[in-house]
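Read the structure below first, then the notes.
The values are calculated or read from the model by the stated rules, or taken from the named source; none is laboratory data. Given the structure is predicted, the values throughout are model-derived calculations rather than measurements. So basically every Cβ, Gly included, is an ideal-geometry build from the backbone, and we count neighbours across all protein chains shown. Protein only, heavy atoms only, side chains kept; ligands, DNA and RNA dropped before computing areas. Shrake-Rupley method; radii C 1.70, N 1.55, O 1.52, S 1.80 Å.
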Amino acid sequence: MQDAQPKTIYLKDYQVPDYLVDSTDLHFELEPKATLVKSQLKIRRNPKAGQGLPPLLLDGVDLELLSIAIDGSILPEVSYQETLQGLSILVDKPEFILEIHNRINPEDNTSLEGLYLSNGMYCTQCEAEGFRKITFYPDRPDVMSKFTTTIVAPKDHPVLLSNGNQIDFGDCEDGRHFATWEDPFAKPSYLFALVAGNLENVEDTFATSSGREVKLQIFTEAKNIGKCEHAMRSLKKAMSWDEEVYGREYDLDIFMIVAVDHFNMGAMENKGLNIFNSACVLASPETATDSAFQRIESIVGHEYFHNWSGNRVTCRDWFQLSLKEGFTVFRDAEFSADMNSRAVKRIEDVSLLRTNQFAEDAGPMSHPIRPDSYIEISNFYTLTVYEKGAEVVRMLHTLLGKEKFRKGSDLYFERHDGSAATCEDFILSMEDANQVNLTQFRHWYSQAGTPILEVTDSFDQATGRYSLKVSQSCPTRANQDQSLPLHIPIKIGLLDVDGNDSILNNGGDIEEVLEVTQPEQLFEFSGFRKKPLPSLLRDFSAPVKVRYPYTGKQLIFLMRNDSDTFNRWDASQRLAFMALTQLQQDYRSGEALQLQPELIEAYRDVLIDSTLDPALVAEILRLPSEQSVAEMNDLIDAEAIVVARDFALKTLATALAPELLQRYTALDHQKPYSPNAKDIAERSLKNTCLSYLAATEKDDALNIVQKQFETAGNMTDSAAALSALINYGSAPKVDSAIQEFYQRWKDDTQVVELWLGLQSSSARNGILANIKNLIKHPSFEIKNPNKVRAVLGGFANRNFKQFHKEDGSGFFFIAEQVVMLDKINPQIAARLVVPITRWQKYSDDLSGKMREALQGILDSGGLSKDVFEVVSKSIN
Ligand code: 0A1
Ligand code: ZN
């Protein structure tokens with residue numbers, strides 16, 4: 001599985017490919033244990049790569065080589081060499097046809113990279129380096145080729161799909177059948193896809209703005225055919241949106257999506273043939289929650305948008321991953337914001353970034369959005385590359401404004417269409433289209449860590465002048481260069497004593513984007529009679545931490561008055577964080593815990609404010625998760641965090657019980673289900689009220705929960721009730737609810753995944769024993785990443801209290817699972833280990849146990865590159 005010594009790859013070592021592949025003809029004869037692959041490549045020496053004819057190096061992993069021929073002549077063994085990484089072939093002419101035959105074993109391929117089987121269906125996953133598990137090839141994104149693919153299979157696999165257009169199909173003499181597909185667009189091997197199975201499909205059409213008709217198909221196993229409607233609607237919305245907002249039209253006559261149950265990530269943007277994790281495409285009102293509906297819309301959009309930002313313009317090398325991912329996440333976030341509540345989408349994205357990306361940036365795997373080295377590229381499909389990458393693109397949008405940003409993106413697509421580009425190319429397009437200088441902005445691409453802005457202010461009553469002093473710094477890790485000052489857009493407003501926005505400048509604006517470029521900078525505003533209150537980093541205009549000495553009173557004022565919805569929520573988070581910090585301190589020093597009455601009243605005001613968007617009320621009421629509190633602390637005391645948060649939650653629940661009940665009851669109208677923004681918002685608040693009520697652990701509250709569980713008409717309400725019961729119900733009621741739910745839904749894979757996840761994230765004591773039983777439950781499958789994420793990921797990432805037990809039992813259990821899983825699926829194992837790699841931030845007792853668990857993994861030996869990289873970087 002592992003190379004003798006895992007090698008580090010560096011961006012600075014990039015070289016253009018020695019050979020180009022003008023066309024790639026593939027022929028597959030599908031057999032579960034012995035699939036035959038024949039490839040015919042038209043190869044040419046790259047004129048940009050220098051003189052001479054160096055050996056042709058092809059990547060290849062886990063392949064059985066059968067034969068190699070050049071221009072029709074079988075190569076003698078002396079002319080090539082097989083290595084651990086692939087093939088090295090001696091070359092004596094600048095242009096030739098290379099024909100290779102090899103065999104692979106899809107059935108035993110549990111890594112889910114390359115060609116594998118999922119419930120009897122053949123499917124592929126080639127990003128980033130999976131194509132080398134199919135055949136020998138220059139498996140790098142800057143080698144772009146036109147693909148033709150023939151698939152031969154038994155007729156019990158009636159559907160045979162690949163990229164592009166189907167140009168031929170028919171029966172073979174031996175009773176099998178075949179189909180041939182041709183993709184007119186040159187593409188790198190990571191965008192190749194093949195699917196063969198017994199599938200059904202729903203079909204629709206989309207007329208592009210230039211009047212072409214595109215056939216749209218979603219393929220799935222027959223039992224799921226009723227769950228495709230929402231994805232199809234989302235796809236059509238995404239296609240229109242990309243035409244309107246970016247002027248980008250779809251370019252083939254057919255666009256296909258296939259749902260598969262076994263998939264390492266969310267979905268994959270293969271040209272014309274997107275492959276999706278079933279959980280990210282299939283939904284029905286009875287079986288999917290509101291968040292599943294929204295996740296599907298955004299991922300369908302994401303993969304579709306890649307057709308331009310990723311496929312038409314791809315990445316030169318994997319260090320440039322954020323070029324396609326950061327840009328595409330920004331595009332899908334804006335799409336979702338346009339389709340739903342913009343403020344709530346922003347709050348959700350920023351919560352994810354602050355809780356998880358900030359932690360990544362402060363941890364042992366910290367890297368810039370354009371990393372400069374890696375051992376295993378799969379480990380760099382991270383929140384930093386995706387989410388922080390999207391924030392960097394968003395900052396460009398903020399700095400340039402909508403029109404100029406669009407001019408820049410138009411130029412980028414025009415200049416680089418059909419080629420492999422770099423992050424630098426993207427910035428250059430933005431600069432050249434708008435005659436601006438982004439030299440300093442470029443540091444965002446090369447510098448890791450979360451910048452900190454210290455803000456102080458002063459007011460001169462005599463002159464009416466108000467000034468803001470902003471200092472920036474960026475914590476660096478031992479192995480990183482010193483940080484350089486970044487170019488940071490800070491959108492601000494200044495509130496007067498009545499809570500209204502003041503006019504900031506002669507133009508009459510009430511908001512301004514301050515451009516911070518210096519280590520320390522002063523911004524001045526005049527014309528004030530009284531000192532205003534700053535509303536900083538509106539809409540979270542940069543991925544930074546802002547420190548300003550707000551008092552509790554000022555935060556409550558902002559929570560009530562800020563015209564920036566995001567900052568209203570942010571004020572509530574700061575307030576909650578302040579209270580939780582105080583509670584932690586009191587707990588540690590043995591003092592009685594108490595919540596400030598003003599804080600309770602501020603929450604009450606929000607709860608009863610019927611003029612506010614209910615989804616926003618829900619977001620404000622929800623206390624920061626333990627994980628996000630942990631991220632904000634320099635030293636994590638897990639026990640104190642749990643005690644403080646539980647206390648705050650229960651105190652609020654008890655104090656606000658009448659109002660919670662009132663709002664719950666008013667929102668509990670039995671409307672037919674629809675996943676529209678208004679109804680989602682109402683359900684969100686209703687179920688937030690329900691979970692608070694449950695936290696009182698009073699009989700009448702738990703009866704309401706039980707009743708909702710029994711009568712819910714949709715999965716959002718049903719899952720919310722089950723979750724509240726699991727966390728707060730009496731043991732017998734919990735057991736029977738869990739059983740009842742399973743009996744009802746055991747044949748629905750997506751609901752079973754939800755059911756597993758709710759149990760493993762339960763904060764109840766003794767849950768580890770239940771989890772050890774769950775992994776023996778018939779519904780659990782160690783080879784299915786969704787099940788692993790639900791049970792083991794649910795425990796390690798979403799069960800702060802039980803995972804951080806002081807005896808280290810949670811860490812040792814996960815470490816054991818990682819070692820076992822590494823033999824099956826290294827990518828999934830490497831993700832599961834992450835929660836125990838942040839040991840340096842924990843107080844001594846837990847820190848030592850985490851280290852011990854990590855050492856155990858390292859000592860087990862024979863690790864994959866994936867797990868080796870994550871564990872070794874965190875332990876050294
Ligand atoms: N490009 C896909 C993400 C993806 C990456 C790797 C995969 O397999 C290991 C699968 C999908 C996206 O951004 O959606
Ligand atoms: Zn993507």
For Cα pairs less than 8 Å apart in space and 6+ apart in sequence, what is the mean separation divided by the residue count of the chain, i.e. the relative contact order in percent? 9
Toy charge model, Lys and Arg Cβ at +1, Asp and Glu Cβ at -1: the stretch 316-394 dipole around Cα centroid in debye, rounded to 20, equals 220
Roughly how many nanometres apart are two label points built 7 Å out from the Cα toward the Cβ at Asp498 and Leu65? 8.1
With +1 on the Cβ of every Lys and Arg and -1 on the Cβ of every Asp and Glu, and nothing else charged, how large is the dipole of the chain about its Cα centre, in debye rounded to the nearest 20? 1300
Say the dipole of the chain comes from +1 at the beta carbon of Lys and Arg and -1 at that of Asp and Glu; which of Gln817, Gly170, Val37 then lies farthest toward its positive end? Gln817
Net charge, Glu182 excluded, C-beta distance under 10 Å - Lys, Arg +1, Asp, Glu -1: -2
Candidate aspartates and glutamates for bridging to Lys841, where Cα separation is under 17 Å - those fewer than 8 sequence places away on the same chain excluded: Glu360, Asp361, Glu626, Glu631, Asp634, Asp637, Glu639, Glu806, Glu852
Where the only charges are on Cβ atoms (+1 Lys, Arg; -1 Asp, Glu), what is the dipole of the stretch 492-557 about its Cα centre, to the nearest 20 debye? 400
Please work out how much length the chain gains when fully extended from Thr463 to Val436, using 0.36 nm per residue of separation minus the C-alpha to C-alpha distance, in nm with one decimal. 6.2 nm
Net charge within 12 Å of Ser88 by Cβ-Cβ distance, Lys/Arg positive one each and Asp/Glu negative one each, not counting Ser88 itself? -3
Give the span of the chain's Cα atoms along each principal axis, as three whole-Å numbers ordered largest to smallest. 87, 66, 59
Among Gly301, Gly808, Leu65, whose Cα sits farthest toward the positive end of the charge dipole of the chain (+1 at Cβ of Lys/Arg, -1 at Cβ of Asp/Glu, about the Cα centre)? Gly808
Using a Cα-Cα cut-off of under 20 Å, which lysines could be cross-linked to Lys531, ignoring same-chain neighbours fewer than 8 residues away? Lys469, Lys491, Lys553
Trypsin sites (Lys or Arg not before Pro), restricted to the stretch 143-185: which are DSSP loop and have at most 13 other Cβ atoms within 10 Å? Lys155
Quote to one decimal, in nm, the extra length available between Val513 and Asp22 on full extension: 0.36 nm per residue of separation minus the C-alpha distance between them. 172.0 nm
Here the net charge surrounding Pro54, from other residues whose Cβ is less than 14 Å away from its Cβ (Lys, Arg +1; Asp, Glu -1), is +2
Most to least packed among 335-342, 656-663 [average Cβ atoms within 10 Å]: 335-342, 656-663
Mean separation of Cα contacts under 8 Å (6+ apart) over length of the stretch 1-122, as relative contact order %: 28
For the stretch 477-535 the mean separation of alpha carbon contacts under 8 Å (6+ apart) over residue count, i.e. relative contact order in percent, is 41
Return the sequence-ordered ³J(HN,Hα) values of the stretch 176-183 in whole Hz as given by the Karplus equation 6.51 cos²θ - 1.76 cosθ + 1.60 applied to θ = phi - 60°, using x for Gly and Pro. 7, 9, 9, 9, 10, 10, 10, 9
In deg cm²/dmol, rounded to the nearest 500, the helical mean residue ellipticity at 222 nm of the chain, built from -39500 (n - 2.57) for every DSSP H run of length 4 or more, is -12000 deg cm²/dmol
Taking only Cα atoms, what is the 0 to 90° angle, nearest 10, from helix 731-745's long axis to the longest principal axis of the chain? 40
Setting aside same-chain residues fewer than 8 positions from Lys33, which lysines have a Cα under 24 Å from its Cα? Lys133, Lys155, Lys783, Lys823
Ignoring ligands, DNA and RNA, what accessible area per residue does the stretch 562-659 give at 1.4 Å, in Å²? 41
Where in the stretch 486-503 does the label zone of Asp605 land, with the point 7 angstrom along Cα→C-beta and an amide N cut-off under 20 Å? 493-502
